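The values are calculated or read from the model by the stated rules, or taken from the named source; none is laboratory data. Just so it is clear, the structure is predicted and the values come from calculations on it, not from any experiment. Note that we place each Cβ from the backbone using ideal geometry, even for glycine, and neighbour counts take in every protein chain shown.
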């Protein structure tokens, strides 16, 4: 358990400003951040004793705080915050998208799967042109083709039935009021609107996000959304059925199927038949802790567990950052472990309701001997592009995934006064999703998280398009427990496309190996590899680090790495347990608690 004096917390929170025989496979090209950067503002952590919420926007954080203050549970707060995020952070998440939610009730955990599903009529040719070649990414994104059946509301409703305390209808009040009265457009939303290329093509979105001259609303503009308020009132009164059937469902299907140039196949039956699922979390031990994350169709839990499993034999504590600057050997080891995990991810991980993992479970991929053998591939020189492994019980001939994965996403973490906690990551995929607006909210383009290619010379791609299937994701809501006493130590997650795995993995290593608090770990420059170049956060690392990595054979790419990490950790202050929350300086997130 981390033990810090209360003064030390605030001092340290501001100090970090600043299988081997296979032939190597080609990796997809390095990908930019799914949402553009909008600056870096130093933040300090927040301390609370009873309850806390950390979310991506101050208005959403306040909505969740109101529910906690009223005696609500962690899931109550998460629902209230997500409804506000639909309004104030429309580029990232909302009721038109999906997500994953980890919930700890003080005794046991559940992993809630609200990932979007492909229309039942979808085929492997969904993202191929008439010549059988994969479409350009945004040719697939913009319009109705990539819209999957949204899952976030069904997921939240299921979790609330099992763990909610406040009435369902009460959770929508803050978002309804904000939509009616208006909210002030934030600098981040204004900046993303200014650089957005496709949103204006949709007349409904153009009328909402732009003025009469076609200019995007600037920061500070009061923006009202009566259409969304009406939908939220219907959902508050009628439950998620008010979204998945009736007027709203008809409007969604009409929008998707009626797109003039890029229609989709989503039907009323697809919406009405959507089901959220409860799955078993992926848990593994790392030193003195147990780390638990999302199972497939998320790849996050497996990938992070693999990375930690490969790093456990290394003395990572010897490579702690100094004055906020990552150590070259620490980055090297972390990036190499990432290469190996991403190689397995591209080969094996998909919706297990359609495509089994090797051996039929997560165990072969997390087998200690397997990970030790994989970790032994890490030497003093970078391997560049890592091969996928051959875990025990592997009898699968599967191709290499080529999904682009530009997830525009949001994360929130909550702990309540009753000892429950939520880590939830939600998404509409690309920035502003499919750029299709219906009844005040944006539709997702999550189907582009499938591989555009259905097979290669090795065999069928696990993450290929199939009707009713859920696309693989990198979203990684994560809990960390004290291994000995099973006490919750951390709730964390991030947006950021496939780089989410590295962002969250960085926080895990920062806390467990380098003794950082959550704000320090979040603020530390981002780094890692997705089995391509070694990616370092632009303008936040010295030339000496770049040179040291190049000397180890790394191909280095300096780039904006717009994580949106939020997290809450347990600390001991003067012999008393407290919650200490952190939010990402790269976005607009805040923390609030009592």
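Counting the residues of region 344-355 that are surrounded by fewer than 20 Cβ atoms within 10 Å (Cβ to Cβ) and modelled with pLDDT under 95 gives 0.
Of all the criteria given as (1) under 20 Å from the mean Cα position of the chain (by Cα); (2) modelled with pLDDT of 95 or more; (3) assigned to a loop (DSSP other than H, G, I, E, B), the one not satisfied by residue 83 is (3). Restricting attention to region 47-91, the residues that are closer than 17 Å to residue 564 by Cβ, surrounded by fewer than 24 Cβ atoms within 10 Å (Cβ to Cβ) and out of contact with any helix residue (DSSP H, G or I) (no Cβ under 7 Å at 6 or more places or on another chain) total 1.
Kindly indicate whether residue 582 is surrounded by 24 or more Cβ atoms within 10 Å (Cβ to Cβ) and within 28 Å of residue 335 (Cβ to Cβ).
On the way: surrounded by 24 or more Cβ atoms within 10 Å (Cβ to Cβ): yes; within 28 Å of residue 335 (Cβ to Cβ): yes.
Judged against the criteria, residue 582 is a match.
Any residue at all in region 151-161 that's surrounded by fewer than 17 Cβ atoms within 10 Å (Cβ to Cβ), more than 22 Å from the chain's Cα centre (by Cα) and in a helix (DSSP H, G or I)? Explain how you work it out, then say what you get.
In the first step, residues of region 151-161 are kept if they are surrounded by fewer than 17 Cβ atoms within 10 Å (Cβ to Cβ); the result is 161.
If we keep only those that are more than 22 Å from the chain's Cα centre (by Cα) too, we end up with 161.
Filter once more, so that each one left must be in a helix (DSSP H, G or I): 161.
Yes.
Name the residues in region 284-297 that are buried (at least 18 other Cβ atoms within 10 Å of the Cβ) and within 21 Å of the chain's Cα centre (by Cα), would you? Working first, answer last.
Of the residues in region 284-297, the ones buried (at least 18 other Cβ atoms within 10 Å of the Cβ) are 284, 286, 289, 291-297.
Selection gives 284, 291, 292, 293, 294, 295, 296, 297.
A search for C-beta distances below 6 Å between a residue of region 490-503 that is over 14 Å from residue 303 (Cα atoms) and any residue that is in a helix (DSSP H, G or I), counting only pairs 6+ apart in sequence or on different chains, returns 492/507; 494/500; 494/503; 494/504; 496/503.
Looking at this structure, is residue 94 in contact with a helix residue (DSSP H, G or I) (Cβ under 8 Å, 6 or more places away or on another chain), surrounded by 24 or more Cβ atoms within 10 Å (Cβ to Cβ) and not in a helix (DSSP H, G or I)? So residue 94 fits the description; yes.
Out of all the residues in region 359-388, which are outside any loop (DSSP other than H, G, I, E, B) and surrounded by fewer than 21 Cβ atoms within 10 Å (Cβ to Cβ)? I'd like the intermediate steps shown before the answer.
As a first pass, look at region 359-388 and keep what is outside any loop (DSSP other than H, G, I, E, B): 359-360, 363-366, 368-375.
Scanning region 359-388 gives 359, 360, 363, 364, 366, 368, 369, 372, 373, 375.
Within region 165-202, which residues are within 22 Å of residue 232 (Cα to Cα), part of a helix (DSSP H, G or I) and out of contact with any helix residue (DSSP H, G or I) (no Cβ under 9 Å at 6 or more places or on another chain)? Listed by number, the list holds a single entry, 181.
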